[in-house]
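Written below as structure tokens is the structure these notes are about.
Bear in mind these aren't lab numbers, they're just calculated from the coordinates by the rules spelled out. None of these values were measured; they are calculated from a predicted model. Glycine also receives a Cβ, built like all others from the backbone with ideal geometry; neighbour counts cover every protein chain displayed.
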Amino acid sequence: MADKQTLKQQLPHPYNQDLSQVLRRLDRRTAFSRTRLANDPVTAAYIAAAMRLVERHLGPDATRTLRDSGDETSIDRPVLSFLSQRTVAAEVNNNPDPFPQMGSVSTMRSTWRSHSDFIADLLRFGLWSKYQPSHCDVTETADVIEQLIDGPHFVEAMHELGYRDLMTFIDRPKFRLELIAVAAADGDDTIRQAMAENHHGLMEPWIEVCAEILRVRGLQLRTGMTLDMLVTLMTAITEGVALRALIDPEVGIVDHRKQRSLLGTGLLALILGCVERTDDADELSLEEAVSTMVYDLSSRLSGAPPGV
């Protein structure tokens with residue numbers, strides 16, 4: 001046991017961290033046994049090998065294999081087939097030191113009850129902020145968050161946050177893994193639950209950040225809006241813009257020279273629609289505010305001709 005503990009400490013970050021709260025589908029009956037297995041260097045060896053396969057096959061700059069060497073359009077698109085037990089076990093043999101380098105399908109089967117359990121744990125690890133910071137990692141953007149809370153340049157800070165978030169999506173394999181995982185989760189409750197738990201954990205710190213921004217800035221949400229709804233919408237906009245940027249990088253979503261992106265614009269538009277000043281609130285819901293704007297109800301109520 002001492003040798004395993006020493007080897008665990010020698011593993012690169014974050015494999016040297018406590019993984020018991022990340023790897024939750026290990027095939028052991030007791031919490032003590034699951035914790036011990038989660039922090040076994042052999043378990044880390046399989047996760048490390050699988051994550052290397054994810055980066056290799058999903059990108060950025062993914063390795064593409066042609067099914068027909070004479071046809072450049074015959075790209076093999078394996079979805080998650082490259083994470084089969086046999087492939088992952090073989091990849092363990094390519095692990096760098098100090099990871100264990102002897103893999104077998106039988107060891108994987110004795111560690112995870114099913115392949116879905118392994119994929120679920122891999123997704124938890126791959127989407128874990130300590131593996132690679134994500135768009136929802138408040139620690140990576142702490143300096144920008146300080147500007148949003150009480151700095152003199154709120155709009156500029158929001159554009160900077162949008163640019164950084166988008167670059168995180170584009171330049172790292174995590175978002176690609178998430179997109180593939182969504183397809184794999186259809187009909188697989190084990191994988192679906194793992195992804196839902198990850199999303200919930202990623203949103204919580206941003207809900208706290210948004211609450212602090214509103215409090216310090218003297219702002220409030222429109223009637224009917226909640227912080228959970230606001231952060232969910234912000235996440236949806238972020239993922240949608242990132243997907244568009246991946247599909248068509250030349251469409252003009254990102255301006256690297258100015259370090260701005262369409263995401264910053266979208267986030268500002270969302271704030272304008274969902275937030276109002278506490279000392280000048282009209283107390284209208286989002287739907288009521290839009291109706292008032294479209295039908296010019298404010299001028300009608302005041303008795304002024306429309307447009308005056």
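Things to note:
- Note that the range 42-53 has calculated 3J(HN,Hα) couplings of 5, 4, 4, 4, 6, 5, 4, 5, 5, 5, 5, 5 Hz, one per residue in order, obtained from phi through the Karplus relation 6.51 cos²θ - 1.76 cosθ + 1.60 (θ = phi - 60°); glycine and proline are x.
- Sequence-distant residues sharing a close amide H with Asp296 (under 5 Å, placed H): none
- Across the range 114-119, rounded Karplus estimates of 3J(HN,Hα) from the backbone phi angles (6.51 cos²θ - 1.76 cosθ + 1.60, θ = phi - 60°) give 9, 5, 4, 5, 5, 4 Hz, Gly and Pro being marked x.
- As a calculated quantity, the FRET efficiency between Asp150 and Val290 at R0 = 30 Å, using C-beta atoms, amounts to about 0.50.
- Phi angles across the range 271-287 convert, under the Karplus curve 6.51 cos²θ - 1.76 cosθ + 1.60 with θ = phi - 60°, into 3J(HN,Hα) values of 4, 4, x, 9, 10, 9, 6, 5, 7, 8, 7, 8, 6, 8, 6, 4, 5 Hz, Gly and Pro given as x.
- The H on the amide N of Ser261, modeled in the peptide plane, is under 5 Å from the matching H of Tyr163, Asp255, each at least 5 residues off or on a different chain.
- Environment charge of Thr265, counting only residues whose C-beta is closer than 14 Å and scoring Lys/Arg +1, Asp/Glu -1: -1
- Å³ per residue enclosed by the Cα convex hull of the range 142-302: 155
- Loop GluC sites (Glu not before Pro), the range 147-255 (other Cβ atoms within 10 Å of the site Cβ: 14 or fewer; DSSP): Glu250
- Long-range HN-HN contacts of Arg222 with modeled amide H, under 5 Å: Val275, Glu276
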